[in-house]
Amino acid sequence: MPHHAPGRIDACLTLSLSLASLSGGLFLPLSLVYFTVLTDIPLPVLGMIISGSVLIGLPLPIVTGMLVDRWTAHPVVVAGLGLQAVAYLGFVVAREPIEVLLASALMAVGVRLFWSSVFTFLADYAETRVALSMEQWFGRLNAARTVGIVVGGLITGAVISFQAEGAYLALAWVASGCTAIAATLILGVVKIRPRAGRTPGEAPSTYVSILRDRRFLQLLALNSVLALSTLFFGLSLPTVVRSRLDGPGWLTAALLVANALLVAVLSSRGARLAYHTSKVRLLKRAALLWTGAFAAIAVAVTLPLAAAAAVLLVGVALLSIAEVLHAPSSAALVDEFARGARGRYLAVFQYSFVVAELIGPIMFTALFDLAAALPFAVVAASCGLVALLLDRGGRRPLPVG
């Protein structure tokens, strides 16, 4: 490969992460709406199908960790993206319940394979490069994910407003194409040499030893709260603006775009801090920032629309900074635990996000029904508790990074 190629390879990898994130953003809001429009399947049956596909993906991080530690993350990342591309094509033709289940299950498998291996992939790749550190690549991945979700969500929102079957099908085709290009870029351009962070002669940790790693399990539990914080704003904002504040749809879009822009601009700074600063200390700062952000949102839902919008913008700024501190430092801290089993540790770490994805919607809907400010107050208090525990952990059980 030519000596001038590394910069081009970095650009291709960044593009592939962005395309994969955009595809996810296009379909994240459509999991039920898409098949409600294009099929005659009753809504309760669709809900069972979507939930069933999620359950199919639950064991995959464990399997993925073993595959990555055995064969490196490179082929697993490509396989995950390839399965997603095929699943999107399945969405184009799926009309019967069994077809929708197969396509949804394939998507769940692809998504879990990708997210359970991509952090190891980037960590391995960073070891072959001098220009960018592992933390910087984790920051780029987080920025790509956030921007992709927001941009994809805005495009999907426009498509939903048209209510045209052809527009929905076009989304599926575009998502499939973007994901296929992302897989091709990684397969054809990016080459990985290390074997999942393992040093010569070092046997990787087994899952039994990981389950005995109390420091890692503590981090996993604490990060479940922080992972909930990363998705709670996007999950709750449309309902808050529409149902509580009686605000215009563009307010939701504007706040989400502000979040995406701040994350995109600040991610490189957060990654540099994660490289040079104690990662536990950065996680504590992120938890405190989320405490302030969700406390502000809890206040905002009690205010008139104009004042609420201003306070919500303050909350967006705080949670955006928290996100750019949390994303690179949390994954890099897990890598410090790995001891030759980078694939297993980083894959198991994804369960903190799985827990957040499962709990978040249930928690929000149940508490919001009781009082509009309650879910945000609970998340704020939970983040405050995490900050306290991390402060103690930074002095004792957790490494200081």
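The values are calculated or read from the model by the stated rules, or taken from the named source; none is laboratory data. Quantities reported herein were computed from a predicted structural model and do not represent experimental measurements. Cβ sites come from the backbone with ideal geometry, for glycine too, and all protein chains shown count toward neighbours.
Here are some residues: ALA377, ALA387, ALA310. Which one is without any contact (Cβ under 8 Å) to a residue 40 or more places away in the chain, more than 15 Å from the chain's Cα centre (by Cα), assigned to a helix (DSSP H, G or I) and surrounded by fewer than 24 Cβ atoms within 10 Å (Cβ to Cβ)?
The conditions single out ALA310.
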*Run SER16 past the list (1) buried (at least 22 other Cβ atoms within 10 Å of the Cβ); (2) not in a helix (DSSP H, G or I) and report the number of the one that doesn't hold.*
(2)
*asked:* Of the conditions (1) under 26 Å from ALA167 (Cβ atoms); (2) assigned to a helix (DSSP H, G or I); (3) acidic (Asp, Glu), ASP40 satisfies every one except a single condition; which number is it?
replied: (2)
*asked:* Going through VAL33, VAL54, VAL118, VAL77 one at a time, which residue ends up being under 18 Å from the mean Cα position of the chain (by Cα) and more than 23 Å from LEU15 (Cα to Cα)?
replied: VAL54
*Give the residue that is surrounded by the most Cβ atoms within 10 Å (Cβ to Cβ), with candidates limited to residues of segment 64-116 that are under 23 Å from VAL33 (Cβ atoms) and among the β-branched types (Val, Ile, Thr).*
VAL100
*Has segment 299-307 got any residue that is within 18 Å of ALA387 (Cα to Cα) and either in the same structural domain as LEU389 (by TED's automatic domain parsing) or not aliphatic (A, V, I, L, M) (or both)?*
no
*Is there a residue in segment 353-373 that is within 30 Å of ASP69 (Cβ to Cβ), more than 21 Å from the chain's Cα centre (by Cα) and surrounded by 19 or more Cβ atoms within 10 Å (Cβ to Cβ)?*
no
*For segment 101-138, name all the residues that are among the small types (Gly, Ala, Ser) and not in a helix (DSSP H, G or I).*
ALA131, SER133
*What's the number of the condition LEU228 fails, among (1) surrounded by fewer than 16 Cβ atoms within 10 Å (Cβ to Cβ); (2) farther than 26 Å from LEU83 by Cβ; (3) modelled with pLDDT of 85 or more?*
(1)
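Residue by residue, here is whether (1) at pLDDT 90 or above; (2) touching a Leu at 6+ places or on another chain (Cβ under 9 Å); (3) part of a helix (DSSP H, G or I) holds:
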{"site": "ILE192", "(1), (2), (3)": "no, no, no"}
{"site": "ALA203", "(1), (2), (3)": "no, no, no"}
{"site": "GLY234", "(1), (2), (3)": "no, yes, yes"}
{"site": "ARG242", "(1), (2), (3)": "no, no, yes"}
{"site": "LEU261", "(1), (2), (3)": "yes, no, yes"}
{"site": "GLY270", "(1), (2), (3)": "yes, yes, yes"}
{"site": "ARG281", "(1), (2), (3)": "yes, yes, yes"}
*Which numbered condition trips up LEU237, out of (1) surrounded by 22 or more Cβ atoms within 10 Å (Cβ to Cβ); (2) touching a helix residue (DSSP H, G or I) at 6+ places or on another chain (Cβ under 7 Å)?*
(1)
